[in-house]
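The values are calculated or read from the model by the stated rules, or taken from the named source; none is laboratory data. No experiment lies behind these values; they were computed from the predicted model shown. All Cβ positions, even for glycine, are placed from backbone atoms using ideal geometry, and neighbour counts span all protein chains on display. Protein only, heavy atoms only, side chains kept; ligands, DNA and RNA dropped before computing areas. Shrake-Rupley method; radii C 1.70, N 1.55, O 1.52, S 1.80 Å.
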Amino acid sequence: MDNWSLGDIEVVSRAIVSAPSVHGTQPWDLRLEGTRAEIRERTEFTSAPRFTDVSPADRVISCGTGIANVELAMHALGRKIETDLLPYPRQPDLVATIRTVGSAPASSTELRLFSALARRRSHRETFADIPVPAATIGDIVAAARIGGVATTLLAPDEAHALADVLLYSADRIRHDPRHQRDIFSWTSHWLPQVGRESVDAFHSAVTREVSDPVITREVSDPVRLAAAIESETVLVFASDTQEPIDLLRTGIAVERAWLTAVDARLSASVLSHPLRIEDSAQRLAQRLNLTSHPQLILRIGY
Ligand SMILES: Cc1cc2nc3c(=O)[nH]c(=O)nc-3n(C[C@H](O)[C@H](O)[C@H](O)COP(=O)(O)O)c2cc1C
């Protein structure tokens, strides 16, 4: 198979920049060498003020979504590929190498998912009141199947467990001015009308001083939030370990599932921030009887 042409470079580069990433940070570096693609994690920007609260786990998961898109682009270019994931002890920032090992026409599924790249975007609003067919949910879960990651459909009677954990996270960060955007970002997924502002004082736990009033967001009551969650299709992605390899696989699984949903004319959005607050991920695992580590929530609808 030939080295990269200018057209190939354009296709692969466009594919990776269309991948979802935490805060839209695109924390990857793509290099096209010979007939292979190398993806590195970019860490140099993490000390910039806007990104200091981006969790390392979310950065690695984001590299995984980028890998899924590069794989699809290489399939679409008629390349047969093999992917090697980290570790690369001599190059710690290298997270994946995707090698061309021959040529093969892309399957119709690969071509459909590739064409879904341009239509995928985060839909942080309510969905139409139309249930997602069970067969479509089955296809989405099957697309996410990869070793090291468990994808679970939230059962209706588990909605209150997720609501409780979201409210627990919100309560933990509610008075911290640095996190105001985060609370808003998750309440807006399920209850866009929530998010009224109230003025409150910020009590420093360390100095015991009371600061100038800060704006806090109203958080919803558990019953309303649970009802909103129950009315939607929600998948929980959990990794077997917290190791980078399983986080990368989580990103691959999430992107494959998301693109499969888009291909089925659905919209979706993801949430990870609430699961990064204190012990909220463990709490969710306990409530859902999961032995793995919840990393990300995907909500899907029309
Ligand atoms: C690992 C990861 C974590 C994310 N966490 C959140 C989140 O907690 N809340 C949210 O609203 N969006 C979250 N997103 C979505 C990104 O903000 C979104 O993909 C990015 O801003 C690009 O926008 P787009 O998805 O519309 O292309 C996350 C995405 C990734 C890959």
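Between residue 88 and residue 119, the contour length at 0.36 nm per residue exceeds the Cα-Cα span by 7.8 nm.
Between the alpha-carbon centres of segment 218-261 and segment 64-89 there is a gap of 23 Å. Would you work out what percent of the accessible area of segment 1-128, with all protein chains in place, is carbon or sulfur (probe 1.4 Å)? Carbon with sulfur: 50 percent of the solvent-accessible area. For residue 74, the shell of other residues with beta-carbons less than 11 Å away shows a net charge of 0, using +1 for Lys and Arg and -1 for Asp and Glu.
Per residue, segment 1-95 exposes an accessible area of 47 Å² to a 1.4 Å probe, with every protein chain left in place. About the centre of its Cα atoms, segment 6-119 shows a dipole size close to 200 debye [charges on the beta carbon of Lys, Arg (+1) and Asp, Glu (-1) only; nearest 20 debye]. For residue 16, the solvent-accessible surface with a 1.4 Å probe is about 0 Å², rounded to the nearest 10. Placing 255, 158, 230 in order of accessible area, with the largest value first and a 1.4 Å probe, yields 230, 158, 255.
The calculated FRET efficiency for residue 302 paired with residue 17, based on their beta-carbon distance and R0 = 35 Å, is about 0.85.
Return one quarter of the surface area of the convex hull spanned by the alpha-carbon atoms of segment 1-98, equal to its mean projected area, in nm². The number I arrive at for segment 1-98 is 6.3 nm². Accessible surface ranking for 12, 149, 1.4 angstrom probe, highest first: 149, 12. Computed from the C-beta positions of residue 112 and residue 279, the FRET efficiency with R₀ = 45 Å rounds to 0.65. Ellipsoid fit via the Cα gyration tensor, segment 217-302: semi-axes of 21, 20, 11 Å, each the root of five times an eigenvalue, largest first.
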